[in-house]
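Have a look at the structure below, then the notes.
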Amino acid sequence: MRAAQEGIVFSFQYGIEIMEKMGIPVKMIHAGKANMFLSPIFRDTLAGVSGATIELYDTDGSVGAAKGAGIGAGIYRDNNEAFATLEKLAVITPSHEEEYKAAYENWKSNL
């Protein structure tokens with residue numbers, strides 16, 4: 001199970017690298033406590049490999065997508081306003097970054 005979750009995280013990180021090459025830095029990830037974000041292994045691995053802090057909210061992906069669209073459309077001034085109505089459940093800070101990044105580089109070298 002851990003290997004499967006790490007593989008999903010590494011795919012996620014691969015996408016983050018593409019975004020960063022486009023000039024979109026990823027320092028904070030806002031997520032609903034649903035789906036893969038229910039797993040502490042997934043959350044810790046993603047924070048460690050990406051170096052981003054993860055904020056978990058009492059919501060799901062559909063609300064997050066709507067909030068993100070609202071930010072993009074100018075309905076909300078910023079992330080703070082968009083997420084103000086949601087209950088923050090946890091903050092996951094990066095840890096074990098060297099180990100996770102080494103595992104990620106090994107994974108990426110086999111693509």
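In this structure, is ASN79 open to solvent by 40 Å² or more (accessible area, probe 1.4 Å) and within 19 Å of MET19 (Cβ to Cβ)? Yes, satisfied.
Taking the criterion of being surrounded by 16 or more Cβ atoms within 10 Å (Cβ to Cβ), under 21 Å from GLY15 (Cβ atoms) and polar (S, T, N, Q), the residues of segment 44-76 that qualify are THR45, SER50.
Look at segment 63-90: where a residue is modelled with pLDDT under 90 and a partner is assigned to a helix (DSSP H, G or I) and among the charged types (D, E, K, R), sitting 6+ places away or on another chain with Cβ atoms under 8 Å, you get PHE83/LYS67.
Listed by first and then second residue, the pairs linking a residue in segment 11-32 that is of a type in the set (Phe, Trp, Tyr) to a residue that is in a helix (DSSP H, G or I), with Cβ atoms under 8 Å apart and 6 or more places separating them unless they lie on different chains, are PHE12/LEU46; PHE12/SER50; TYR14/LYS108.
One residue stands out in segment 5-34 among those that are among the small types (Gly, Ala, Ser) and within 28 Å of THR85 (Cβ to Cβ): the one that is modelled with the highest pLDDT, namely GLY15.
The values are calculated or read from the model by the stated rules, or taken from the named source; none is laboratory data. Please read these numbers as outputs of a predicted model, since none were measured by experiment. Glycine gets a Cβ as well: all are built from the backbone with ideal geometry, and neighbour counts include every protein chain shown. SASA here: full protein model, heavy atoms, side chains in, ligands and nucleic acids out. Shrake-Rupley method; radii C 1.70, N 1.55, O 1.52, S 1.80 Å.
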